[in-house]
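Engineer: Mind having a look at this structure? Questions to follow.
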Amino acid sequence: MSRQKNNRRWFRLAVWGLLFLLSGCKGPEPEIIEEGSKAGERAVLTICIAQAQWDESIDGLTALYLKSHPEVESIQWTLVQRNTYWDLMNMKLATGTLPDIMEVRAGEELRQWYPHLDALDDMPVLDLIFPELLDNGMAEGRCYTVPQAIYGMGILYNTRLLAEAGWERLPETRTELEALCRDLEKAGIRQFMNPYHEISTWVEYGMLQMISMKDNPELYVEHLKKSNQRPIGKDPEWNALLDFTDLTLRYGNRRLLQLDTDLARNYFYIGRYAMIVGESARAVDGMRRAGQRVEQWAQIGPVLLGDDRDKNRLLTDVVRLGITKKAEHPAEAREFLTWLVSDEEALEYQKQVMGIVPVVKSACEEGLGPIAKETYRYYRNGEMTGEYTGLLPREMTDATGKDWARYVTGETDRAGLLTACEEYWKTYAERMKAAD
């Protein structure tokens with residue numbers, strides 16, 4: 001069994017393979033995660049998703065499915081980081097090698113990709129899912145994705161370390177967060193493990209958290225796309241995002257862009273840092289494997305951009321899966337999605353090992369892990385953002401990521417970064433207008 005541990009290496013191989021294929025030569029096969037024996041007459045399901053943190057837990061999920069579905073010989077999973085996922089999928093589209101099942105989030109992603117997906121309106125399992133989640137999987141009046149899991153993105157805290165600094169609860173505002181950082185410093189405890197190695201992922205989630213503070217986030221994004229927003233340099237929510245970023249830089253780890261994401265997480269998992277930004281209950285398996293019992297003390301809270309508690313909401317991140325139009329095994333793919341969302345044994349595994357909040361209400365009533373249970377409390381109480389992931393243009397994170405990288409390393413100042421962001425949206429609006 002081979003595993004995708006190094007996404008840069010994988011992407012280089014994929015591009016090399018594409019170049020050889022387009023030139024009429026056979027290139028190297030990309031690494032995949034293969035469960036089960038080699039394909040015989042039974043189906044071999046192929047699945048590509050941007051859920052790299054599931055890498056160590058996917059074996060057990062696959063084994064459960066194969067145990068009760070003899071019609072499927074094996075499942076080939078490709079798990080990659082979010083920042084390389086769409087490069088991979090565009091390559092697969094160009095070479096006619098799309099998988100049976102792929103991840104497609106709401107918003108821009110769905111609008112661009114639904115022509116390559118099969119409509120799933122007739123799947124009975126949709127009747128079990130939270131109704132508010134179904135709307136964001138619709139395009140042209142048809143349902144194209146099945147929501148599979150709810151995560152809340154925010155700050156993970158090690159409450160044991162917080163208690164050592166005299167804090168018995170999580171901070172609820174940025175001012176309180178700054179006070180916590182000072183108290184942790186006095187206690188000799190490292191504060192933030194930062195997320196800036198995957199800078200494009202941070203740009204997306206930071207931007208979405210900022211947008212969630214607007215009175216009408218969707219309308220604000222439309223203004224951005226037309227470059228009709230108020231000057232970004234004077235915008236209070238943009239400056240709040242940078243105030244939060246500055247706080248993490250002041251009280252965070254060094255080697256911001258050099259520290260590998262998995263290593264950064266491990267520092268939190270073994271109890272070296274009190275907080276890690278941009279994480280969710282996906283981390284529960286990693287914490288458990290680290291063996292330091294941090295999962296017993298980990299608690300999640302929203303990214304705190306401001307001092308209005310009501311606007312500091314946990315960022316909603318829904319995993320959505322679709323079946324491609326040219327899937328080799330469409331019937332088996334539908335059965336797999338139905339099982340994934342509704343089977344009791346499958347849900348129990350996903351709750352305990354993968355940290356999900358299920359999309360079926362009855363499955364949320366018991367058996368949730370501590371972080372997922374807290375996430376569901378936020379969801380149930382209306383304290384999470386709307387589903388904004390996928391709302392921004394995919395190109396935005398790459399186009400502005402280099403400017404954010406220069407900001408977190410001190411190579412440019414706030415005015416320089418905000419000017420660069422404003423210039424991006426102006427150029428984007430001009431391109432969209434010319435395309436129309």
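The values are calculated or read from the model by the stated rules, or taken from the named source; none is laboratory data. Please read all numbers here as calculations on a predicted model, not as lab measurements. Cβ atoms come from the backbone with ideal geometry, glycine included; neighbour counts cover every protein chain shown. Quick note on the areas: whole protein, heavy atoms, side chains included, nothing else; ligands and nucleic acids left out. Shrake-Rupley method; radii C 1.70, N 1.55, O 1.52, S 1.80 Å.
Engineer: Quick one: what pairs do we get from the stretch 62-77, first residue over 16 Å from Glu344 (Cβ atoms), second part of a helix (DSSP H, G or I) and of a type in the set (Val, Ile, Thr), C-beta under 7 Å, 6+ apart or different chains?
Structural biologist: Sorted first by the residue in the stretch 62-77, then by its partner, the pairs are Ile75/Thr62; Trp77/Ile58.
Engineer: Considering only residues that are under 18 Å from Gln296 (Cβ atoms), touching a residue at least 40 places away in the same chain (Cβ under 8 Å) and either of a type in the set (Phe, Trp, Tyr) or surrounded by 21 or more Cβ atoms within 10 Å (Cβ to Cβ) (or both), which ones fall in the stretch 355-370?
Structural biologist: Within the stretch 355-370, Gly355, Gly369 qualify.
Engineer: Looking only at the stretch 77-92, count how many residues are of a type in the set (S, T, N, Q) and touching a Gly at 6+ places or on another chain (Cβ under 9 Å).
Structural biologist: 1
Engineer: While we're on this one: Could you tell me how many of the residues in the stretch 105-118 are open to solvent by 20 Å² or more (accessible area, probe 1.4 Å), in a helix (DSSP H, G or I) and within 23 Å of Glu335 (Cβ to Cβ)?
Structural biologist: Of the residues in that region, 2 qualify.
Engineer: Restricting to the stretch 132-165, give me the number of residues that are of a type in the set (Gly, Ala, Ser) and farther than 21 Å from Val303 by Cα.
Structural biologist: Result for the stretch 132-165: 3.
Each row is one residue, and each column tells you yes or no for (1) of a type outside the set (A, V, I, L, M, F, W, C); (2) farther than 23 Å from Ala187 by Cα; (3) modelled with pLDDT of 95 or more.
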residue: Ala274; (1), (2), (3): no, no, yes
residue: Gly278; (1), (2), (3): yes, yes, no
residue: Gln296; (1), (2), (3): yes, no, no
residue: Pro302; (1), (2), (3): yes, yes, yes
residue: Arg309; (1), (2), (3): yes, yes, yes
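Engineer: Name every residue in the stretch 78-97 that is in contact (Cβ under 8 Å) with a residue 12 or more places away in the chain and open to solvent by 40 Å² or more (accessible area, probe 1.4 Å), in order of residue number.
Structural biologist: Asn83, Asp87, Leu93, Ala94, Gly96
Engineer: Would you mind listing the helices (runs of 4 or more DSSP H) fully within the stretch 224-290 where at least 2 residues are acidic (Asp, Glu) and either open to solvent by 30 Å² or more (accessible area, probe 1.4 Å) or on the phi > 0 side of the Ramachandran plot (or both)?
Structural biologist: In the stretch 224-290, 236-250 are the helices (runs of 4 or more DSSP H) which contain 2 or more residues that are acidic (Asp, Glu) and either open to solvent by 30 Å² or more (accessible area, probe 1.4 Å) or on the phi > 0 side of the Ramachandran plot (or both).
Engineer: Let me ask another. Looking only at the stretch 371-427, count how many residues are open to solvent by less than 60 Å² (accessible area, probe 1.4 Å), under 29 Å from Trp297 (Cα atoms) and more than 19 Å from the chain's Cα centre (by Cα).
Structural biologist: Final tally of qualifying residues: 1.
Engineer: List every residue pair whose Cβ atoms sit under 7 Å apart, with the two residues 6 or more apart in sequence or on different chains, where the first one lies in the stretch 193-215 and is open to solvent by less than 10 Å² (accessible area, probe 1.4 Å) and the second, anywhere, is acidic (Asp, Glu).
Structural biologist: What qualifies is Met210/Glu237.
Engineer: Does any residue of the stretch 94-104 turn out to be of a type in the set (A, V, I, L, M, F, W, C), in a strand (DSSP E or B) and within 28 Å of Asp285 (Cα to Cα)?
Structural biologist: yes
Engineer: Give the residue, chosen from Glu344, Glu332, Glu328, Glu295, that is acidic (Asp, Glu) and under 22 Å from Arg380 (Cα atoms).
Structural biologist: Glu344
Engineer: A further question on this structure: Given the condition closer than 25 Å to Thr397 by Cα and not hydrophobic (A, V, I, L, M, F, W, C), answer yes or no: does some residue in the stretch 169-180 qualify?
Structural biologist: yes
Engineer: Right, next: Which numbered condition in (1) crowded, with 24+ Cβ neighbours inside 10 Å; (2) part of a loop (DSSP other than H, G, I, E, B); (3) not acidic (Asp, Glu) is the only one that Gly306 fails?
Structural biologist: Looking at each condition in turn, Gly306 falls short on (1).
Engineer: Restricting to the stretch 140-163, what's the tally of residues that are in a strand (DSSP E or B), open to solvent by 10 Å² or more (accessible area, probe 1.4 Å) and free of Cβ contacts under 8 Å to residues at least 60 places away in the same chain?
Structural biologist: 1
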